[in-house]
Amino acid sequence: MKQELISIQRYVGMEARKFPQATGEFTALMTEIVLTAKVISSQVNKAGLIEILGKTGETNIQGEEVRKLDEYANDLFLHILKYSGHVCAMASEEAEELVQGPHYSNSGKYVVLLDPLDGSSNIDANVSIGSIFAIYKRVSPAGQPGELRDFLQPGKDMIAGGYIIYGSSTMMVYSTGQGVHGFTLDPSVGTFLLSHPNITLPSKCNIYSVNEGYFHRWHEGVRHFVDHCKGSGPEPLEKPLSARYIGSMVADFHRNLLYGGIFMYPGTINAPLGKLRLMYEANPMAFLLENAGGYASNGYEPILEVNPSELHERTPLFMGNRDEVLQLEDFVKRYNPELVESYFANKDNGKAIAT
Ligand code: AHG
Ligand code: MN
Ligand code: MN
């Protein structure tokens, strides 16, 4: 046989054994996430066949339409993790409040944050979607239900983060801070197999990904930077980058991770903090990127340094090749110094970020 077959469970176990104090609880938790991913993957593949498509007519707490597959993925993740015994509480983009488990889960060491289905507006169009997870160690004492403070930790304290992409194949990509590893689901045996060990971001940034429909609603620094990517504006790149935007962050991220690129979701005049959620979307992706040699910023400072103030907080997001993201920060500093000043002034006052 040319290459050894390594299942994701074996790989997670191998990594955990490097820590002498590991109890096997993290490996068991990852096994539950893998199981959930496989079930969601099979449902996503059947989405066009069974009557699962279409809107439910309800809105989530972000005021967005919820589709049936969102609900399904949310319920499944929460249900499986709730009864695993390894998680003392969970938070989901689709749930207003923290979700706590039965009494035996109070001994769980971890909390999990979820975007159960990312890119859900793409389901009907058969376009790639994903699930995102972030795992932290609880900071509250064991033996009681998890609390808000267990979740309001900066991204840099994450124990593990990752995503599942339901695309031309289903892949799971995760990091525990020891590199970024990708596994492809072999549906015939129902196992994720190591296919992309030690993913590192290509050194060259080839792609920029942003919804340019909002161009005129961005502040000057971002507008000039996007023009720069296109080889136009006051500081044009000599050779323009390619534009690629799917509208499913997981899919846009995954492509840029493999090909080299920068993904942006800036704040706008109408929505100064943008659309994406710090805890469910930005932090896990930032954690992966930094482990793959890239960088993620809110335009002012590293995403992973931000101290969250509430569960469903939104953040502007710029992530990809380090040099390009640093350049974006530099554009913002030079073209919008007033924003940088107010950001850090608000931060010193302990307020939510400004743009
Ligand atoms: P979700 O489906 O979890 O609500 O996330 C959708 C997000 C993200 O996946 C994507 O990058 C972004 O919405 C696209 O938004 P625009 O349509 O405004 O570009
Ligand atoms: Mn999302
Ligand atoms: Mn979602």
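The values are calculated or read from the model by the stated rules, or taken from the named source; none is laboratory data. All figures in this text were calculated on a predicted structure; none of them were measured in a lab. When we count neighbours, we look across all protein chains shown, and the Cβ atoms used for this are built from the backbone with ideal geometry, even at glycine. To get the accessible areas, we keep the full protein, side chains included, count just its heavy atoms, and leave off ligands, DNA and RNA. Shrake-Rupley method; radii C 1.70, N 1.55, O 1.52, S 1.80 Å.
The table below gives the values:
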quantity: Tally of residues being part of a loop (DSSP other than H, G, I, E, B), open to solvent by less than 10 Å² (accessible area, probe 1.4 Å) and either under 26 Å from HIS219 (Cα atoms) or out of contact with any Gly (no Cβ under 9 Å at 6 or more places or on another chain) (or both) across region 280-302; calculated: 3
quantity: Subset tally (residues that are within 16 Å of ligand 1 (Cβ to nearest atom) and closer than 16 Å to PRO308 by Cα) for region 129-177; calculated: 1
quantity: Selected residue (criterion: nearest to ligand 2 (Cβ to nearest atom)) from residues of region 247-285 that are in contact with a Phe, Trp or Tyr (Cβ under 7 Å, 6 or more places away or on another chain) and small (Gly, Ala, Ser); calculated: GLY274
quantity: Restricting region 212-234 to residues that are out of contact with any Phe, Trp or Tyr (no Cβ under 8 Å at 6 or more places or on another chain) and touching a residue at least 24 places away in the same chain (Cβ under 8 Å), the residue that is least open to solvent (accessible area, probe 1.4 Å); calculated: TRP218
quantity: Tally of residues being touching an Asp or Glu at 6+ places or on another chain (Cβ under 8 Å) and within 16 Å of ligand 3 (Cβ to nearest atom) across region 134-164; calculated: 1
quantity: Answer residue from region 99-151, given it is assigned to a loop (DSSP other than H, G, I, E, B) and under 25 Å from MET172 (Cα atoms) and is most open to solvent (accessible area, probe 1.4 Å) among those; calculated: ASN126
quantity: The listed residue being outside the structural domain of MET279 (by TED's automatic domain parsing), more than 16 Å from ligand 1 (Cβ to nearest atom) and either within 19 Å of VAL12 (Cα to Cα) or in contact (Cβ under 8 Å) with a residue 24 or more places away in the chain (or both), out of ASN122, ASN126, ASN106; calculated: ASN106
quantity: Any hit, region 112-127, residues being modelled with pLDDT of 95 or more and more than 16 Å from ligand 2 (Cβ to nearest atom); calculated: no
